[in-house]
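Accompanying notes for the structure given below.
The values are calculated or read from the model by the stated rules, or taken from the named source; none is laboratory data. This is a predicted model, so every value here is computed, not measured. When we count neighbours, we look across all protein chains shown, and the Cβ atoms used for this are built from the backbone with ideal geometry, even at glycine. The protein model used for the area step is the full one, side chains on, heavy atoms only, and it has no ligands, DNA or RNA in it. Shrake-Rupley method; radii C 1.70, N 1.55, O 1.52, S 1.80 Å.
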Amino acid sequence: MRILIGYDGSASSDAVFDDLRNAGLPPDTEAVVASVGDLLMSSPSVQDAVVQAVTSRRAAAGLKREQTHAESVIEEAETFAALGRKRIQELFPDWRVRSEVFTGTPAWVLIDVADKLNADLIVVGSQGRSAIDRLFLGSVSKRIATDARCSVRVARSVEQNGTDQSTRPPRLLVGVDGSPDAEQAIFTIGQRVWPDGTEVRLVAIDDTAPPTSVIARLPQAAALINSYMQTTEARVASMLDWATEELGNIGLKASIFREKGDPQQILLDEARKWRADSI
């Protein structure tokens, strides 16, 4: 398995190390720890100008100054990459680990590197170091999760997710909607190596509504919608049965939770209530 770990020395990216211990990754993993030096947004003149532009709502003259401090940025990235590689190697002595340094916009660089490595997984912290970066470019982790071609794991610290992963086996929450991606998520869990007592909660959410508004006017369309809903429901039920049996066969404790409503909100709420370690 090949994984790419984005590390920038921030407290958020430090959470990656504890999180990976509960990710069920195999011993034959190849890991690349990547640190990206953002030459533009790390420039003091740019940061000052951005703050002025935001607070005064007008373009600041300082934006015209181009001071990237490339050498110090790259040196800092090299330090972080080496530190990240050392910590991963200490946690996973069987892994093949190396570090790499890049320059550019962190989200796009990590996505591009993952493509070139043919990575199976990208691992990043939930937040980067700079609030200015997030203000103008959006969350790095959100961009990667949205646009990466491989799976993405976003790590949160104990303070952020409210769980202490060191005191119990992992709890994994999986949204099941009958889609090929949901099936792949379940299959991926089955391929990994988990400690005894690991629990998996399969969450199935019905976000459909009967086509009452079109029944009288378009009965044929309503019939098609009802047929689609019934097919989806059957597919979800079949996937839940399959997942429960297969996960149980490899020693995982699988349970099912059903609900109606907004999938995004229900998944988040259930993860908090159940104190899941990952979704």
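Structural remarks
- Filtering region 227-252 to residues that are surrounded by 12 or more Cβ atoms within 10 Å (Cβ to Cβ), assigned to a helix (DSSP H, G or I) and of a type in the set (A, V, I, L, M, F, W, C) leaves M229, V236, A237, M239, L240, W242, A243, L247.
- Note on region 125-157: among residues that are open to solvent by 70 Å² or more (accessible area, probe 1.4 Å), over 20 Å from Q184 (Cα atoms) and modelled with pLDDT of 55 or more, the one that is nearest to the chain's Cα centre (by Cα) is K142.
- Extreme residue, least open to solvent (accessible area, probe 1.4 Å), among residues of region 67-100 that are in a strand (DSSP E or B) and of a type in the set (D, E, K, R): E100
- Selection status of T163, crowded, with 16+ Cβ neighbours inside 10 Å, under 24 Å from S126 (Cα atoms) and modelled with pLDDT of 95 or more: no
- Close contacts from region 253-269, counting a first residue that is of a type in the set (S, T, Y) and open to solvent by less than 50 Å² (accessible area, probe 1.4 Å) and a second that is modelled with pLDDT of 95 or more and part of a strand (DSSP E or B), with Cβ to Cβ under 8 Å and a gap of 6+ residues or different chains, come to S255/E199; S255/V200; S255/R201; S255/L202.
- Of the candidates A31, A23, A59, A15, the single residue that is farther than 25 Å from T103 by Cα and modelled with pLDDT of 85 or more is A23.
- Checking the stated criteria, R235 turns out to be over 20 Å from the mean Cα position of the chain (by Cα), closer than 27 Å to I189 by Cβ and at pLDDT below 95.
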